[in-house]
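Trainee: Can you keep this structure in mind? I'll have questions shortly.
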């Protein structure tokens, strides 16, 4: 049986870990956002148009998903001429968790 001090320590650890994981899973609860992150992790970097073509969704839909992922600091974008390309922030702890779960 756990001592009260052990229970408190476990609760603190669980609370700190679960908050970030809940945020990540909340963001990736949408199938398209999940697929976008998966593709970016696998390919390294993709442009908006390429993502739209692979996922068979509109460029504006992809852009909206990318904006959400960028605001959550899971990806970063770079303008390349007329195109906007994105890559995952591989060093981000959220991305590392996603990679380990995938």
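Every number here is computed from the coordinates shown, using simple stated rules; none is lab data. It should be emphasised that the depicted structure is a prediction, and the values quoted were computed from it without experimental measurement. Positions of Cβ are backbone-derived with ideal geometry, glycine not excepted, and every protein chain shown enters the neighbour counts.
Trainee: When a/c reaches 1.5 or more, the comparison of a/b and b/c decides; with that in mind, is the stretch 41-84 rounded, prolate or oblate per its Cα gyration tensor?
Mentor: Values: a/c = 1.31, a/b = 1.16, b/c = 1.13.
It is rounded, given that a/c, with a ≥ b ≥ c, falls under 1.5.
Trainee: Have a look at 89, 38, 11 and tell me which one the Gaussian network model of the chain (Cα, springs below 10 Å) gives the largest fluctuation.
Mentor: Greatest mean-square fluctuation among the candidates belongs to 11.
Trainee: For the chain, what is the relative contact order in percent, using Cα pairs closer than 8 Å and at least 6 residues apart in sequence? Show your work: numbers first, answer last.
Mentor: Values: 77 pairs, mean separation 25.8, N = 102.
About 25 percent, as a whole number.
Trainee: For volume of the Cα convex hull per residue in Å³, one of [x] 116; [y] 130; [z] 104 was computed from the structure I shared and the rest are decoys. Which label?
Mentor: [z]
Trainee: I would also like to ask the following. Using the beta-carbon distance between residue 9 and residue 90 and R0 = 30 Å, what value does 1/(1 + (r/R0)^6) give for FRET efficiency, to the nearest 0.05? All intermediate terms of the calculation are to be shown ahead of the outcome.
Mentor: Values: r = 31 Å, r/R0 = 1.03.
Here the calculated transfer efficiency is 0.45.
Trainee: With a Förster radius of 25 Å, plug the Cβ-Cβ distance of residue 100 and residue 34 into 1/(1 + (r/R0)^6) and report the FRET value to the nearest 0.05. Working shown, then result.
Mentor: Working: r = 15 Å, r/R0 = 0.61.
It comes to 0.95.
Trainee: Can you bin the stretch 23-64 into rounded, prolate or oblate? Criterion: square roots of the alpha carbon gyration tensor eigenvalues sorted a ≥ b ≥ c, rounded for a/c under 1.5, prolate for a/b above b/c, oblate for the rest. Before the final figure, lay out the partial values.
Mentor: Details: a/c = 2.20, a/b = 1.31, b/c = 1.68.
Cα axes put the stretch 23-64 in the oblate bin.
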